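Trainee: Structure incoming, see below.
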Amino acid sequence: MRPAAVYGKITDAMHRFIALAACLLLAACGQPSRTTPLAAQPTPSEAPAMTNETPTIVVLGDSLTAGYELNEDEALPAVVERLLAARGVKANIVNAGVSGDTTADGLNRYDWSVKGAKANLLVIALGANDFLLGLPPEQPKKNLAAILDRAKADNLPAALIGVALPNKDLDPREAAYAAIYPELSEQYGAPYQANFMAPIAGKANLLMDDGLHPTAEGVEVMAKDVADFLAPVIATLD
């Protein structure tokens, strides 16, 4: 479990980061969600080729992916899958979120959570816990790059959900974190969604009492933009 003291140590700058980035991927509490983690499966040598079958999309994330204190069908991956289906876009979206995970945690469970699911597309949604834990930005950037390298070696297309900060008065550490995702997107040619929490930022009626995690209604709002982001990406899968 992530120490509750982590939240107490968040500076005003961190609050600004979370408000502007809408606490992207925040899961510092590290409490388990009601969503059951992926079961271990055999590891394939490469991502399977697409035919006319429904593609498998793995969302590698933390509590915002896992669905902190939500039912499985209320978590973001399930809601996005439902919204895509309503548009006629077939996708099996696998919830590979673990509450409290950092980028290092995501990298460490790549074989289990990604290759084990025989994914056709990887969506990486990690990084805010690294920020809250005070890790230098070079560390999450290196870990995210390593995940992207693993996906590339497996011929697995990847997309990023990251942090975009519009505030021009960021301190150097905030600015360095904000730059990680667009830089990696350009370097790896990975599609990039800047901020999936933006639609509910500062809206208390769509956030839990902690002010950090979305309610089921908040997830519904978030999922619309994520579905908009993923639909054209899915369309490019072979």
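The values are calculated or read from the model by the stated rules, or taken from the named source; none is laboratory data. Keep in mind the model is a prediction, meaning the values are calculated, not measured. Neighbour counts run over all protein chains shown; Cβ positions are idealised from the backbone, glycine included.
Trainee: Could you check residue 106 against (1) touching a residue at least 60 places away in the same chain (Cβ under 8 Å); (2) under 25 Å from residue 220 (Cα atoms) and say which number it fails?
Mentor: Against the list (1) touching a residue at least 60 places away in the same chain (Cβ under 8 Å); (2) under 25 Å from residue 220 (Cα atoms), residue 106 comes up short only on (1).
Trainee: For residue 155, are the conditions met, namely being crowded, with 17+ Cβ neighbours inside 10 Å, over 17 Å from residue 74 (Cα atoms) and of a type in the set (S, T, N, Q)?
Mentor: Considered against the rule, which asks whether it is crowded, with 17+ Cβ neighbours inside 10 Å, over 17 Å from residue 74 (Cα atoms) and of a type in the set (S, T, N, Q), residue 155 comes out as no.
Trainee: Among the residues of region 177-209 satisfying the criterion of being at pLDDT 90 or above, over 17 Å from the mean Cα position of the chain (by Cα) and part of a loop (DSSP other than H, G, I, E, B), which is surrounded by the fewest Cβ atoms within 10 Å (Cβ to Cβ)?
Mentor: Top of the filtered list is 209.
Trainee: Moving on to the next point. Out of region 62-99, which residues are touching a His at 6+ places or on another chain (Cβ under 8 Å) and either crowded, with 22+ Cβ neighbours inside 10 Å or within 14 Å of residue 128 (Cβ to Cβ) (or both)?
Mentor: 63, 64, 68
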